[in-house]
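Below: the structure, in structure tokens.
The values are calculated or read from the model by the stated rules, or taken from the named source; none is laboratory data. Quick caveat: nothing in here was measured; it's all calculated off a predicted structure. We place every Cβ from the backbone using ideal geometry, glycine too, and count neighbours over all the protein chains shown. For accessibility, only protein heavy atoms count, side chains too; no ligands or nucleic acids. Shrake-Rupley method; radii C 1.70, N 1.55, O 1.52, S 1.80 Å.
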Amino acid sequence: MISREPTLERLAIAQRLLLEPFGLDESHLSRALNEIKAHKVDDADLYFQYTRSEGWSLEEGIVKTGSFSIDQGVGVRAVSGEKTAFAYSDDISEASLLDAARTVRSISAAAKEGRHKVATKKIAKSRSLYPGVDPIASLDSNAKVALLGKVEARARARDPRVAQVMAGLAAEYDVVLVARADGTLAADVRPLVRLSVTVIAEHNGRREMGSAGGGGRFGLAYFDDALIGGYVDDAVRQALVNLESRPAPAGEMTVVLGAGWPGILLHEAIGHGLEGDFNRKGSSAFSGRIGQRVAAKGVTVLDDGTIADRRGSLNVDDEGNASQRNVLIEDGILKGYIQDSMNARLMGVKPTGNGRRESYAHIPMPRMTNTYMLGGDKDPQEIIASIDKGLYATNFGGGQVDITSGKFVFSASEAYWVEKGKVLYPVKGATIVGSGPESLKKVTLIGNDMALDPGVGTCGKEGQSVPVGVGQPTLRIDGLTVGGTA
């Protein structure tokens with residue numbers, strides 16, 4: 001059997017799922033785009049999507065719910081200057097496609113006779129970062145139920161104080177096809193899986209929670225017994241640690257952030273401020289500061305959509321641009337922003353492969369992929385030992401940030417009080433308050449243990465949610481405000 005080049009194979013799959021069943025081919029896409037270009041627009045695209053998803057959840061020893069859904073449709077967009085006109089339909093047909101095209105072209109005036117040129121077909125460059133598998137079909141239903149049963153059995157066997165176990169298994173098969181006004185065609189086949197574990201431990205009338213999990217762009221066979229056991233052990237350990245926690249002290253203090261998932265603070269407090277739309281509009285704390293020092297020496301922050309199998313990675317973004325490894329801050333100096341096509345054009349730069357949308361029913365915007373800080377040269381234990389009095393936070397729950405000011409508030413779900421370099425006891429109720437831009441300047445020690453999160457992140461922006469990755473090494477930040485309960 002002769003295999004096809006991956007980019008062409010993905011395009012063939014997308015055409016087979018999204019065009020052929022509805023009697024469409026590339027000539028119909030060209031006709032719809034030409035309808036839009038009959039008016040003077042700066043850009044236009046068609047975004048077809050087929051998504052099949054499945055979810056299973058376990059509670060009280062029983063798989064209580066299972067869900068399965070299929071969604072498909074097309075979004076049609078025209079861009080003129082800073083204005084965007086957008087229409088979408090879950091009816092994929094020539095009639096609905098042309099109707100949407102005529103609707104969005106009204107954003108601009110009709111072009112003069114003879115002005116329009118026919119675009120030449122181009123297959124967009126893309127990467128091959130993950131297999132084009134259907135993860136839903138990678139395990140049968142009995143095996144999925146059995147997997148969740150393993151989670152339940154392992155957690156309860158781990159410690160008699162485990163009072164409740166909840167687990168969820170999710171899989172998604174997503175196929176997209178992008179046709180642009182310049183003749184570009186791009187497609188992607190995106191698997192996505194996630195296993196989540198939540199444990200509630202109870203002792204002497206006190207109940208505390210721990211959670212863990214992971215996933216990425218591959219099949220469900222990724223969750224072998226060793227990995228399942230690791231997630232369960234981590235969730236149980238966290239719940240038991242929190243049973244011993246004391247009220248968190250409050251005040252301004254040194255804070256050490258653990259490696260991996262604590263990079264969510266970096267994502268929220270720094271990453272959103274580096275998205276192109278906020279900077280074009282002047283609403284980010286980083287607006288107009290390219291080339292300036294915005295962080296301490298040694299701080300290098302990247303957004304990288306090219307890491308194999310990662311939850312936030314993309315072969316092509318949702319505008320058909322290949323994903324990239326973008327250096328945003330290098331040794332403390334601001335180097336650039338992440339861009340979609342429209343903001344890149346308006347700011348006079350190139351797109352960075354960060355045009356993302358939740359679905360065909362949404363417009364693209366600049367969004368993060370996998371955002372992380374590079375490691376330094378310090379041993380993590382040396383960083384903890386450097387604390388006179390302060391907080392060591394290894395896991396975070398919810399948080400929020402104001403993009404304009406960069407101010408953030410984050411809740412630590414696992415944290416410890418440290419004195420004289422010694423971890424004394426776990427604390428509960430610690431919230432970390434600060435300014436993203438100011439916090440970057442207060443980074444004094446950077447660990448050599450950079451790690452990415454296990455594959456659990458979802459980012460929300462303007463009502464749209466997309467999967468993302470985060471990461472960082474152990475970091476010491478001086479002078480952060482901790483809101484506690486003590």
Report task. Give the number of residues within the stretch 433-451 that are buried (at least 22 other Cβ atoms within 10 Å of the Cβ), at pLDDT below 95 and of a type outside the set (Ser, Thr, Tyr). Result -> 3
Requested in this report: Test each condition in (1) within 18 Å of the chain's Cα centre (by Cα); (2) at pLDDT below 95; (3) more than 16 Å from Met450 (Cβ to Cβ) for Asn315 and report the one that comes out false.
Outcome: (2)
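Residue by residue, here is whether (1) among the aromatic types (Phe, Trp, Tyr); (2) in contact (Cβ under 8 Å) with a residue 12 or more places away in the chain; (3) touching a Gly at 6+ places or on another chain (Cβ under 9 Å); (4) open to solvent by 10 Å² or more (accessible area, probe 1.4 Å) holds:
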{"residue": "Arg280", "(1), (2), (3), (4)": "no, yes, no, yes"}
{"residue": "Arg289", "(1), (2), (3), (4)": "no, yes, no, yes"}
{"residue": "Val294", "(1), (2), (3), (4)": "no, yes, yes, no"}
{"residue": "Lys297", "(1), (2), (3), (4)": "no, yes, yes, yes"}
{"residue": "Thr300", "(1), (2), (3), (4)": "no, yes, yes, yes"}
{"residue": "Gly305", "(1), (2), (3), (4)": "no, yes, yes, no"}
{"residue": "Asp309", "(1), (2), (3), (4)": "no, yes, yes, yes"}
{"residue": "Leu314", "(1), (2), (3), (4)": "no, yes, yes, no"}
Query raised in the report: Can you spot a residue in the stretch 176-183 that is within 21 Å of Gly55 (Cα to Cα), in contact (Cβ under 8 Å) with a residue 60 or more places away in the chain and open to solvent by 50 Å² or more (accessible area, probe 1.4 Å)?
Result: no
Query raised in the report: Across the stretch 402-412, which residue is modelled with the highest pLDDT among those that are open to solvent by less than 40 Å² (accessible area, probe 1.4 Å) and assigned to a strand (DSSP E or B)?
Result: Ala412
Report task. Answer yes if at least one residue in the stretch 441-458 is out of contact with any Ser or Thr (no Cβ under 6 Å at 6 or more places or on another chain) and at positive phi, and no otherwise. Result -> yes
Requested in this report: Would you check if there is a residue in the stretch 101-112 being over 28 Å from the mean Cα position of the chain (by Cα), closer than 30 Å to Leu195 by Cα and not polar (S, T, N, Q)?
Outcome: no
Query raised in the report: In the stretch 317-329, is there at least one residue being under 18 Å from Val79 (Cβ atoms) and open to solvent by 30 Å² or more (accessible area, probe 1.4 Å)?
Result: yes
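Within the stretch 200-221, restricting attention to residues that are assigned to a loop (DSSP other than H, G, I, E, B) and over 21 Å from Leu243 (Cα atoms), which residue is farthest from the chain's Cα centre (by Cα)?
Gly219
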Query raised in the report: Pick from the stretch 117-140 the residues that are at pLDDT below 85 and of a type in the set (Lys, Arg): which of them is surrounded by the fewest Cβ atoms within 10 Å (Cβ to Cβ)?
Result: Lys117
Report task. Working only within the stretch 231-262, note down all residues that are within 28 Å of the chain's Cα centre (by Cα), of a type in the set (Gly, Ala, Ser) and open to solvent by 10 Å² or more (accessible area, probe 1.4 Å). Result -> Ala259
Query raised in the report: When the stretch 452-486 is examined, which residues are found to be more than 16 Å from Gly258 (Cβ to Cβ), hydroxyl-bearing (Ser, Thr, Tyr) and either without any contact (Cβ under 8 Å) to a residue 60 or more places away in the chain or surrounded by 22 or more Cβ atoms within 10 Å (Cβ to Cβ) (or both)?
Result: Thr458
Requested in this report: Keeping to the stretch 449-486, report how many residues are more than 16 Å from the chain's Cα centre (by Cα), part of a loop (DSSP other than H, G, I, E, B) and not aliphatic (A, V, I, L, M).
Outcome: 5
Report task. Determine if the stretch 357-374 includes at least one residue that is assigned to a strand (DSSP E or B), within 21 Å of Gly455 (Cβ to Cβ) and open to solvent by 10 Å² or more (accessible area, probe 1.4 Å). Result -> yes
Report summary line: Scanning the stretch 263-304 residue by residue, the ones that are outside any loop (DSSP other than H, G, I, E, B), β-branched (Val, Ile, Thr) and under 19 Å from Glu330 (Cβ atoms) total 2
Query raised in the report: Taking into account only those residues within the stretch 159-199 that are outside any strand (DSSP E or B) and of a type in the set (D, E, K, R), which is farthest from Val133 (Cα to Cα)?
Result: Arg161
Query raised in the report: Filter the stretch 60-91 for residues that are part of a loop (DSSP other than H, G, I, E, B) and in contact with a strand residue (DSSP E or B) (Cβ under 9 Å, 6 or more places away or on another chain); which is surrounded by the fewest Cβ atoms within 10 Å (Cβ to Cβ)?
Result: Glu60
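Keeping to the stretch 92-116, report how many residues are hydrophobic (A, V, I, L, M, F, W, C), at pLDDT 85 or above and either over 11 Å from Leu33 (Cβ atoms) or touching a strand residue (DSSP E or B) at 6+ places or on another chain (Cβ under 6 Å) (or both).
Counting residues in the stretch 92-116 that are hydrophobic (A, V, I, L, M, F, W, C), at pLDDT 85 or above and either over 11 Å from Leu33 (Cβ atoms) or touching a strand residue (DSSP E or B) at 6+ places or on another chain (Cβ under 6 Å) (or both) gives 6.
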Query raised in the report: Can you tell me how many residues in the stretch 36-59 are part of a helix (DSSP H, G or I) and touching a Lys or Arg at 6+ places or on another chain (Cβ under 6 Å)?
Result: 1
Query raised in the report: Could you give every pair whose Cβ atoms fall below 8 Å, whose first residue belongs to the stretch 127-139 and is of a type outside the set (Lys, Arg), and whose second residue is crowded, with 19+ Cβ neighbours inside 10 Å and modelled with pLDDT under 95, counting only separations of at least 6 or pairs across chains?
Result: Ser128/Thr7
